[in-house]
Amino acid sequence: MSKWWETTDDPTDHLNFHKTLKADNSFKTKVLPTFRPDKAFQLSKGDAFRVYLQKLSDISGVRIHNLDSLLEALDQRINYFDSLGCVASDHGLRYLPQKGKFTVMEVNAVLISVINGDDLRAIEVEDSFTFYVLSEISKKYHAKNWVQQFHLGPLRDTNKGKLAILGADTGYDSIGDYQQAERMADFFNYLDTTDQLAKTIIYNVNPADNAVFGTMIGNFQGEGVRGKIQFGSGWWYQDQLDGMIEQINALSNYGLISCFIGMLTDSRSFLSYSRHEYFRRLLANIFAEDMLKGYLPYDVDMIGKVIADICYHNASAYFKK
C-alpha cells in the first residue's frame, strides 16, 4: 500500500478533513491535498466566474478587485495547502496558454470590467489572462518545490443542449485535436529562462500527441532532479490497455522509461484504483516480451528493479519536497 494518497481540491475547499486526518496520529497513511485552480481561469464564464471569485475572496480573506488581488488570494490558498502537506498542483486545460497580444495592464482592465459585470471582452483576452495567472502561480509552485501537472487536450461540453439541461461534466466531453507543441514550449521557456520551472508532468488525452509529449519532456530536464519533466501515464480515454501500452512505448522510444513515475489515478471512484494493478501487469508484460525477443538483457534482477522503480520508488522520490 502507498505511504500516501493525494486528493484533488479546489482552492476554495476548506480541507477540514485533511486537518482532521493530519491531527490523528493513529492514522498512519498520509492523505495530502492537491491544488487544482481550474475555475480561477474561467474569465468568460460570466456570473459563474463572479460567484467563484467571491467564494475565493471569502475563504482567503482577500477582497478580489483586480489581477494583483486575485493572485494574492491564490497565493494565500497555496500557502494554506502547503501547510497541510500539499506537494502538487493540477490543471485541466485544452492547451497551455500564451501571452498573445495583450499586456498585463489590458488584461487587468478586462478583469476589473468582468468583476463589475461587463463580459464584453472576456473571451477575447481569456488566453492571455490564463497565461498571466498560471505563470505567476507556477512560480509559486517552483518556490514551494511542488510538482505541477497539466492535463491537456479535452474538448468539453460538446452537446450544448445537454449542457443547458444537465450542466458541465455530465459526460459530453471528448478528445480535442488542438495544437500543443509550440504552446508547451513557449510556456515552459517563459518559466525556465528565470529558473522558475517546477517539476512538471504533462498528460495528453489525444493519443496522436504521444510523440509530441514524449519529445517535449527532453527539452526542459534539469540538474538535480531525476526525470524533472515527465510524460504522464495514459489518462482519461487513454487509461485502458491500448492507451497505456502506446504511452509506455512512446516514452520508451523518445524518452527514458527508467525515470517514469508510473500510473496516476485521478478518478473520484475507489473502483478505479484497480487500474494500478492493471498498469503493473501490462508494464511487466511489455518488459517480459522485450526480454524474450532479445531487445533487453535477460536479467530478471535488473529489469525487476526498473519495474519496481516505475511502479513506486520513482514517484516516492519525485513528490518529496
Restricting attention to the stretch 124-133, which residues are in contact with a Leu (Cβ under 8 Å, 6 or more places away or on another chain) and not hydroxyl-bearing (Ser, Thr, Tyr)?
125, 126, 129, 133
Hey, residue 96 in a helix (DSSP H, G or I), buried (at least 17 other Cβ atoms within 10 Å of the Cβ) and either modelled with pLDDT under 95 or not assigned by TED's automatic domain parsing to the domain that holds residue 168 (or both) or not:
no
Checking residue 182 against (1) surrounded by fewer than 16 Cβ atoms within 10 Å (Cβ to Cβ); (2) within 26 Å of residue 70 (Cα to Cα); (3) among the charged types (D, E, K, R), only one condition comes out false. Which one?
(2)
If I filter the stretch 201-208 for residues that are touching a residue at least 60 places away in the same chain (Cβ under 8 Å), under 16 Å from the mean Cα position of the chain (by Cα) and either in the same structural domain as residue 93 (by TED's automatic domain parsing) or crowded, with 21+ Cβ neighbours inside 10 Å (or both), do I get at least one hit?
yes
Restrict the check to the stretch 32-54 and report whether at least one residue is at pLDDT below 95, surrounded by fewer than 16 Cβ atoms within 10 Å (Cβ to Cβ) and either touching a Lys or Arg at 6+ places or on another chain (Cβ under 7 Å) or part of a strand (DSSP E or B) (or both).
no
Candidate set from the stretch 58-74 (those that are among the hydrophobic types (A, V, I, L, M, F, W, C) and surrounded by fewer than 20 Cβ atoms within 10 Å (Cβ to Cβ)); member that is nearest to residue 106 (Cα to Cα)
71
Just a yes or no: is a residue in the stretch 116-129 within 30 Å of residue 316 (Cβ to Cβ), under 23 Å from the mean Cα position of the chain (by Cα) and not assigned by TED's automatic domain parsing to the domain that holds residue 316?
no
Of everything in the stretch 209-231, what is within 20 Å of residue 134 (Cα to Cα) and either touching a residue at least 60 places away in the same chain (Cβ under 8 Å) or part of a loop (DSSP other than H, G, I, E, B) (or both)? Give them in sequence order.
220, 228, 230
Residues located in the stretch 1-55, provided they are touching a strand residue (DSSP E or B) at 6+ places or on another chain (Cβ under 6 Å) and among the aliphatic types (A, V, I, L, M)
21, 31, 32
Does residue 281 count as at pLDDT below 95 and out of contact with any Lys or Arg (no Cβ under 6 Å at 6 or more places or on another chain)?
no
Of all residues in the stretch 135-175, count the ones that are small (Gly, Ala, Ser) and assigned to a helix (DSSP H, G or I).
5
Qualifying residues in the stretch 282-321 (those that are hydroxyl-bearing (Ser, Thr, Tyr) and under 27 Å from the mean Cα position of the chain (by Cα)) - the one farthest from residue 144 (Cα to Cα):
312
Are any residues in the stretch 283-319 within 30 Å of residue 31 (Cα to Cα) and outside any helix (DSSP H, G or I), and if so, which ones?
319
Matching entry among 158, 193 (being out of contact with any Ser or Thr (no Cβ under 9 Å at 6 or more places or on another chain), more than 21 Å from residue 74 (Cα to Cα) and not assigned by TED's automatic domain parsing to the domain that holds residue 18)
193
Taking the stretch 18-37 and keeping residues within 23 Å of residue 273 (Cβ to Cβ) and in contact (Cβ under 8 Å) with a residue 12 or more places away in the chain leaves 18, 22, 29, 30, 31, 32, 33, 34, 35, 36
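The values are calculated or read from the model by the stated rules, or taken from the named source; none is laboratory data. Note that the structure is a prediction, hence the values are computed from the model and not measured. Don't worry about glycine lacking a Cβ; one is built from the backbone with ideal geometry, like all the others, and counts go over all protein chains shown.
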